[in-house]
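Chemist: Once you've had a glance at the structure underneath, I'll fire off some questions.
The values are calculated or read from the model by the stated rules, or taken from the named source; none is laboratory data. In this text, all values refer to a predicted model and were calculated from it rather than measured experimentally. When we count neighbours, we look across all protein chains shown, and the Cβ atoms used for this are built from the backbone with ideal geometry, even at glycine. Each accessible area value is taken on the protein alone, full model and side chains, heavy atoms only, with ligands, DNA and RNA left out. Shrake-Rupley method; radii C 1.70, N 1.55, O 1.52, S 1.80 Å.
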Amino acid sequence: MPEQFLAVVRGGWIVEGDAQLLKLLRSGYSGGGTREFEDVVQHEAAVNGRGMVDYDLPRSGTERIEMLLRRSLGYACSALAAVPEGRKWPVRGYVSLSSGGLDDEILTAYVTFCSDRPDLPRYADDLDVFAHEALLELSQDDAAGVLSV
């Protein structure tokens with residue numbers, strides 16, 4: 001995983017209001033907070049979301065796909081493992097792969113995190129509706145399993 005993502009994981013998590021945020025990403029976020037969003041889940045997803053570094057990878061091919069997925073999963077699982085115990089709501093990670101770039105010809109990856117709250121809609125209620133991208137949802141238990149392999 002690229003160094004800047006390792007730094008984000010090492011920076012840890014904070015709670016701001018009701019939002020569970022990665023501390024270093026929160027400090028770099030210039031938005032106005034939860035009032036900009038429909039709910040706190042969407043706020044968390046916006047603050048905690050980042051595109052995965054890919055400038056050092058080939059523009060296409062299996063190697064690009066494998067490296068993007070490996071980096072994204074490594075980051076997502078490491079960040080989920082760093083969520084402090086005893087939080088009121090579990091945090092989920094979302095990794096997406098989709099075509100991007102100026103001509104939608106380059107595979108890109110995006111990773112975000114948000115809480116799973118029984119009183120609010122989930123970040124992605126129906127994963128099957130994502131027809132133009134691959135979207136993976138990871139729980140904290142999933143992350144622990146991946147990291148233990």
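Chemist: Sort 18-29, 67-78 by the packing proxy (mean of other Cβ within 10 Å over each peptide's residues), most packed first. The partial results should precede the final answer.
Modeler: Numbers: 18-29: 17.4, 67-78: 20.5.
So the order, starting with the most tightly packed, is 67-78, 18-29.
Chemist: Report, by chain and number, residues whose modeled amide H sits under 5 Å from the one on residue 49, excluding near sequence neighbours (fewer than 5 apart, same chain).
Modeler: 113
Chemist: While we're here: Identify the GluC sites (Glu not before Pro) of region 1-107 meeting these criteria: DSSP loop state and at most 16 other C-beta atoms within 10 Å of the C-beta. All intermediate terms of the calculation are to be shown ahead of the outcome.
Modeler: On the way: sites: 3, 16, 36, 38, 44, 63, 66, 85, 105; in loops: 38, 85, 105.
Answer in residue order: 38, 85, 105.
Chemist: On the protein heavy atoms, probe 1.4 angstrom, tell me the percent of accessible surface of the chain carried by carbon and sulfur.
Modeler: Values: 4160 of 8180 Å².
In the chain, the share of accessible area belonging to carbon and sulfur is 51 percent.
Chemist: Now for a different question. If a/c stays under 1.5 just call it rounded; otherwise compare a/b with b/c (prolate if a/b is bigger, oblate if not). Do that for region 54-134, with a ≥ b ≥ c from the square roots of the Cα gyration tensor eigenvalues. Working shown, then result.
Modeler: On the way: a/c = 3.39, a/b = 1.66, b/c = 2.05.
Oblate shape, in that a/c is at least 1.5 and b/c is the bigger or equal ratio.
Chemist: Tabulate in residue order the Karplus-calculated ³J(HN,Hα) for region 141-146, using 6.51 cos²θ - 1.76 cosθ + 1.60 with θ = phi - 60°, rounded to whole Hz; enter x for Gly and Pro.
Modeler: Here the 3J(HN,Hα) series is 5, 4, 4, 4, x, 5 Hz.
Chemist: Determine ³J(HN,Hα), in whole Hz, for all residues of region 44-54 in sequence, where each value follows from phi through the Karplus function 6.51 cos²θ - 1.76 cosθ + 1.60 and θ = phi - 60°; x replaces Gly and Pro.
Modeler: 4, 4, 5, 5, 7, x, 8, x, 7, 4, 9
Chemist: Give a residue-ordered list of calculated ³J(HN,Hα) values for region 17-27 (Karplus: 6.51 cos²θ - 1.76 cosθ + 1.60, θ = phi - 60°; whole Hz; x for Gly, Pro).
Modeler: Going residue by residue, I get x, 9, 7, 9, 10, 6, 4, 5, 6, 5, 5 Hz, with x marking Gly and Pro.
Chemist: Accessible area per residue for the chain in Å², computed with a 1.4 Å probe and the full protein assembly in place, what is it? All intermediate terms of the calculation are to be shown ahead of the outcome.
Modeler: On the way: 8180 Å² over 149 residues.
Value for the chain: 55 Å² per residue.
Chemist: Here's another thing I want to ask about it. Given (1) 0.95; (2) 1.28; (3) 0.93, which label gives Rg/Rh (Cα atoms, Kirkwood Rh) as computed from the coordinates?
Modeler: Matching entry in (1) 0.95; (2) 1.28; (3) 0.93: (1).
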